[in-house]
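Let me begin by presenting the structure, written as structure tokens, before commenting on it.
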Amino acid sequence: MNRFSSQRQNLFLETKLGIVTRTGDWFHTTSKHIKEFVPGLLEKRSLDLLVEEAIAWVRSADSLSLTLLLLLLLFIHPIFAAVIAIAFHFFWYRFKSGFVTIYLGKLLKFMNKDGYLLMTSLVIISLLGIDGQYLAVGIGLVFFFLMKLGLLKMLWDKMDKGSDNHLTLNDRVFKMILVRYAMFYNMAPAEVQTMEERFKELAISRKKGN
């Protein structure tokens, strides 16, 4: 049966085919499978917290890239700043699972908050405007809306042809979070290959059901 998480304001919905978040992100695993992969982990770290952290990582490319752009606009030409920020967004979006740690997730949760993004953007763009750097202001505003609407993410997704033989980017992140916490709590995770096969099975099942 489908069930909503209640402790985190209905942050996600758990179904037989995996977990779908309020932000529309899918993770092809369930609490049952997590218990099989890392027995006892959910007693140490609740599913709500694991999903919340996974969302922070999945959505971190936008907040990190926007922060990088705003800082670069203060020091280098706006065009160069935009090129670097877009390149970083692509790199981080594709390969962030390799950088997953249990400590950095807390920082990403903060940086993903609307309050942080709005205040940081407002302060730096205002400073640029006062200094008469109107090209930088325009690029900053355009990039802000690109990140808020998730347009770059949509572009990278379209470029990625995808394959049933590989884990989705979201599933890679969730798998690494499970592995990191298993190591942190000194719990031996189940065979990683078995874990990946379960992720793939649920992903394929969901695609067939659409």
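The values are calculated or read from the model by the stated rules, or taken from the named source; none is laboratory data. Computed from a predicted structure; not experimentally measured. Positions of Cβ are backbone-derived with ideal geometry, glycine not excepted, and every protein chain shown enters the neighbour counts. For the accessible areas, the whole protein counts, side chains as well, though only heavy atoms, and no ligand, DNA or RNA atoms are used. Shrake-Rupley method; radii C 1.70, N 1.55, O 1.52, S 1.80 Å.
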Any idea what the dipole of the chain comes to, in debye rounded to 20, about its Cα centre with Lys/Arg Cβ at +1 and Asp/Glu Cβ at -1? 360
First compute the accessible area of the chain with a 1.4 Å probe, then give the percent of it belonging to carbon and sulfur atoms. 63
Top positive-direction residue, dipole computed over the chain with Cβ charges, set A85, A54, L128: A54
Among 144-150, 170-176, how do they line up by average Cβ neighbours within 10 Å per residue, starting with the highest? 170-176, 144-150
At what distance in angstrom do the alpha carbon centres of segment 134-160 and segment 51-95 lie from each other? 10
Per residue, accessible area of the chain with a 1.4 Å probe, heavy atoms of protein chains only, in Å², comes to 55
With θ set to phi - 60° and the Karplus curve 6.51 cos²θ - 1.76 cosθ + 1.60, what are the ³J(HN,Hα) couplings of segment 77-82 in order, to the nearest whole Hz, using x for Gly and Pro? 4, x, 5, 4, 4, 5
Could you please put R45, R59 in sequence from largest to smallest accessible area, using a 1.4 Å probe? R59, R45
Note, D62: beta-carbon cut-off 10 Å, +1 each Lys/Arg, -1 each Asp/Glu, net +3
